[in-house]
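Beneath this line is the structure, given in structure tokens, with notes to follow.
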Amino acid sequence: MIAMSNSSEPTLLTADQDLVLRFWGVRGSTPVSGPQYAEFGGSTPCIEVRCGQRMFIVDAGSGIYNLGQGHRTDLPREVDLLFSHLHLDHTAGLPFFKPAVLDCDRVINTYCGNLGGESAGPTLDRLFAPPLFPVTLDRLCCTFHHHGFEAGQTLTFPDGTRVATILLNHPQGSVGYRFEHAGKRLCLISDIEHSDPWPDPNLAAFVADADLMVYDGMFTDGEYPTCRGWGHSTWQKGVELARTAGVKALGIIHLHPAHSDTALRDMEADMQAEMPTAFIARECQSLTVGAPRAVGGRPNGRPAVAREMRRRIKVA
């Protein structure tokens, strides 16, 4: 167990008893754009988790720009950013997390658990510096506090919130997170490559009885053999893990940049034939963990949230 820095301020967006998830970026490896990505989106990973009024952000891919624009006036004064790991598709959006990084009263706490206890600070300072990037993070107005831990520890925050962690099979390691609030359980399991044999017993125990597991389904079964060792999995392995561990619903993330809306809809139909409560995540989709969902239907969060984002930006 490891104690962490001060918790973020409450906001008024979520009922106290709700565990709410919002996908701000769901694509893997590199951002993509174009009409063939309109439904699922093209931004790289960023997930917002709300435990009642308590906010967490997981990863700072290009989707963190969307998050900043969607919460221009209601971000907490202290933001807790949990990294799965520090590959570019999970970090490159950090300087564009506006308006947070341009607010001199804002504190951004980062947490990194795949570097043997070392924080993300030294790595981010190397990444965001010339000649790779024009300015260093200390030139931004906000204050960064970087915290390191070892995957497998439980993070305990001053407000009593606890977040369990697990080390995942990925080049240089990755961290899975488990959030529990008001009797609901959410597990974020990306980036990961499935093991042989599968499922891994430790991982199955970690996600057991989750109301929702978000899982890395970057490759198809046909693509995976030529990409073995790259650190990613398939939706079929996600379904297998979910069944073994008694997971109630499955969301697939880290979508391959070459997979179009048409291809992903076809994959989703195949997946729902195997597990009706499974779905492929859409950028800007929001859902309440454990709430009833239409079985076999498409999530429809993206258009409504996109309209709300445009309204916020216009008002601001």
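How big is the antiparallel share of DSSP beta bridges in region 16-288, given as a percent to the nearest 5? The answer is about 50 percent antiparallel. Nearest 10 degrees is fine. How inclined is helix 235-245 to the longest principal axis of the chain, computing both from alpha carbons? The answer is roughly 90 degrees.
Listed by chain and number, the aspartates and glutamates whose alpha-carbon sits under 16 Å from that of Lys248, ignoring those within fewer than 8 places in the same chain, are Glu180, Asp209, Asp211, Glu240, Glu274. In the chain, a dipole from Cβ-located charges (positive for Lys and Arg, negative for Asp and Glu) runs towards its positive end, and of Pro134, Tyr111, Phe157 it is Pro134 whose Cα lies farthest in that direction. Excluding ligands, DNA and RNA, the accessible surface per residue across the chain is 41 Å² with a 1.4 Å probe.
Pick from Ala210, Ala182, Ala269: which residue has the top mean-square fluctuation in a GNM of the chain where Cα pairs under 10 Å get a spring? So, out of Ala210, Ala182, Ala269, the one fluctuating most is Ala182. Look at the alpha carbon pairs under 8 Å that are at least 6 residues apart: their mean separation over the length of region 16-288 gives a relative contact order of 19 percent. Each pair of Cα atoms in the chain enters the Kirkwood radius, and Stokes-Einstein at 20 °C and 1.002 mPa s then converts it into a translational diffusion coefficient of 110 µm²/s. Exactly which trypsin sites (Lys or Arg not before Pro) in region 9-115 are in a DSSP loop and have at most 13 other Cβ atoms within 10 Å? Counting only loop positions with at most 13 other Cβ atoms within 10 Å, the trypsin sites (Lys or Arg not before Pro) in region 9-115 are Arg77. Is the shape of region 33-182 best called rounded, prolate or oblate, per the rule: a/c under 1.5 gives rounded, else a/b larger than b/c gives prolate, else oblate, with a ≥ b ≥ c the square roots of the Cα gyration tensor eigenvalues? Taking the square roots of the gyration eigenvalues as a ≥ b ≥ c, region 33-182 is rounded. Split the accessible area of the chain by element, probe 1.4 Å, and carbon with sulfur accounts for 53%.
The charge dipole of the chain, taken about the Cα centre with unit charges on the Cβ atoms of Lys, Arg (+1) and Asp, Glu (-1), comes to about 940 debye, rounded to the nearest 20. With a Förster radius of 35 Å applied to the C-beta separation of Asp74 and Asp196, the computed FRET efficiency comes to 0.15.
Judged by the ratio a/c of the largest to the smallest principal axis of the C-alpha gyration tensor, region 131-275 counts as oblate, that ratio being 1.5 or greater while a/b is no larger than b/c. Across the protein chains, with a 1.4 Å probe defining accessible surface, the residues Cys284, Cys104, Cys141 rank Cys104, Cys141, Cys284 from largest area downward.
Estimated purely from DSSP H runs of n ≥ 4, each contributing -39500 (n - 2.57), the mean residue ellipticity at 222 nm for the chain is -6000 deg cm²/dmol once divided by its residues.
Lacking any other cysteine beta-carbon closer than 4.7 Å, the following Cys residues of the chain have no compatible partner: Cys46, Cys51, Cys112, Cys142, Cys187, Cys227, Cys284.
The values are calculated or read from the model by the stated rules, or taken from the named source; none is laboratory data. Keep in mind it's a predicted model, so treat the numbers as computed, not measured. FYI the Cβ positions are ideal-geometry reconstructions off the backbone, even for glycines, and counts take in every protein chain you see. Remember, those area values only see protein heavy atoms, side chains included, never the ligands or the DNA or RNA. Shrake-Rupley method; radii C 1.70, N 1.55, O 1.52, S 1.80 Å.
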